[in-house]
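Report on the following structure.
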Amino acid sequence: MQIKDTAAIVTGGASGLGGAAAKALAAKGARVFAFDLAASIEKAEEIEGVTYVEADVTDGAALRTAVDQASSSDVPLRIVVNCAGIGPSARILSKNGTHDLDLFQKVVNINLVGTFNVMTLAAEAIANTEPLEDGQRGVVINTASVAAIEGQIGQIAYSASKGGVVGMTVPAARDLASQGIRVMTIAPGIIDTPMLATVSDEFRAGLASGVPFPKRLGRPDEYGQLAVDIVEHDYLNGDVIRLDGSLRMAPR
Ligand SMILES: NC(=O)c1ccc[n+]([C@@H]2O[C@H](COP(=O)([O-])OP(=O)(O)OC[C@H]3O[C@@H](n4cnc5c(N)ncnc54)[C@H](O)[C@@H]3O)[C@@H](O)[C@H]2O)c1
């Protein structure tokens, strides 16, 4: 599908992978609506073609307003990239007691329910657009993680949420096939984004040494490139692509 002259929603679009996807899609001529929290938008770089919209993916009413804004520009909404997410660490049992249930629910609510929420509202808007010649109307790209498959110690809530994103891929692609909407999931390994900003250089080097090849962390622009490739490749649908340099996470 051609990216030029389409509108795109990118959640978590003010930082990291979402920021890179927003930039890559805007460079290809999309009108990008980057949904994010106010605190992240304040720090975001200005990018031509990218409009920042304050929207919490767990807030149904705010999200509907934001999707309405993205679908009422003069080009049709055809692209959604879901990147909003959080990744706190906590074990099922630790010396402080059991995993906090509120924290578990919060992670699942943002990473999984938020992704579902955006996909659903945006799919409704995309389904109302005129189809292209081949019947296609749009593409949804969700972001899981390799932690969906091999979560590390302390990633129980994060892995559960990302496993849910992987699990939605095939039924979502099937549900939306009759509207001509493809659904794909990217499962990144370790990408050098603000999510990793707090770790030391030594820890970062340790992470990089575990990647078979290329022996480095992934770059956000490589995620942006893959998002563009998925939109442009019409036969990619209902699948999960790992973006990880062949990394398989160890227990810790
Ligand atoms: N960086 C990695 O190595 C990596 C690896 C695997 C998966 N991921 C996933 O990629 C996605 C992006 O991660 P990132 O590394 O770019 O992190 P990031 O922290 O740089 O960006 C995440 C963005 O999501 C936004 N966000 C958080 N909660 C939100 C909410 N309720 N509503 C709207 N926006 C919200 C944040 O404000 C932030 O701008 C996440 O889903 C993350 O789990 C990242």
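The values are calculated or read from the model by the stated rules, or taken from the named source; none is laboratory data. Being a predicted model, the structure only gives us computed values, none of them experimental. Using ideal geometry, Cβ is built from the backbone for each residue, glycine included, and neighbour counts are taken over all protein chains shown.
Listing for the model above:
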read-out	value
Unique match (being farther than 18 Å from Leu17 by Cα, surrounded by fewer than 16 Cβ atoms within 10 Å (Cβ to Cβ) and free of Cβ contacts under 8 Å to residues at least 60 places away in the same chain) among Gly163, Gly167	Gly167
Residue match in region 61-82 (condition: under 16 Å from the mean Cα position of the chain (by Cα), of a type in the set (Asp, Glu) and modelled with pLDDT of 95 or more)	no
Some residue of region 18-34 being outside any strand (DSSP E or B), of a type in the set (Val, Ile, Thr), within 15 Å of the ligand (Cβ to nearest atom) and at pLDDT 95 or above	no
Among residues of region 54-80, those that are under 18 Å from Gly16 (Cβ atoms) and near the ligand (Cβ under 10 Å from one of its atoms), counted	4
Test: residue in region 176-197 that is outside any helix (DSSP H, G or I), more than 11 Å from the ligand (Cβ to nearest atom) and free of Cβ contacts under 8 Å to residues at least 40 places away in the same chain	no
Some residue of region 203-221 being among the polar types (S, T, N, Q), more than 22 Å from Val80 (Cα to Cα) and more than 10 Å from the ligand (Cβ to nearest atom)	yes
Subset of region 87-98 that is within 16 Å of the ligand (Cβ to nearest atom) and part of a loop (DSSP other than H, G, I, E, B) - its residue that is farthest from Glu124 (Cα to Cα)	Ser89
Among the candidates Thr115, Thr58, Thr51, residue that is surrounded by 13 or more Cβ atoms within 10 Å (Cβ to Cβ) and under 28 Å from Tyr235 (Cβ atoms)	Thr115
Residue count for region 157-175, restricted to those that are closer than 25 Å to Ile92 by Cα, basic (Lys, Arg) and away from the ligand (no atom under 14 Å from the Cβ)	0
The listed residue being of a type in the set (A, V, I, L, M) and in a helix (DSSP H, G or I), out of Ala84, Ala39	Ala39
Top-ranked residue of region 134-172 - restricted to ones that are among the small types (Gly, Ala, Ser) and part of a loop (DSSP other than H, G, I, E, B), ranked as farthest from Tyr223 (Cα to Cα)	Gly135
Residue within region 99-121 that is away from the ligand (no atom under 16 Å from the Cβ) and of a type outside the set (A, V, I, L, M) present	yes
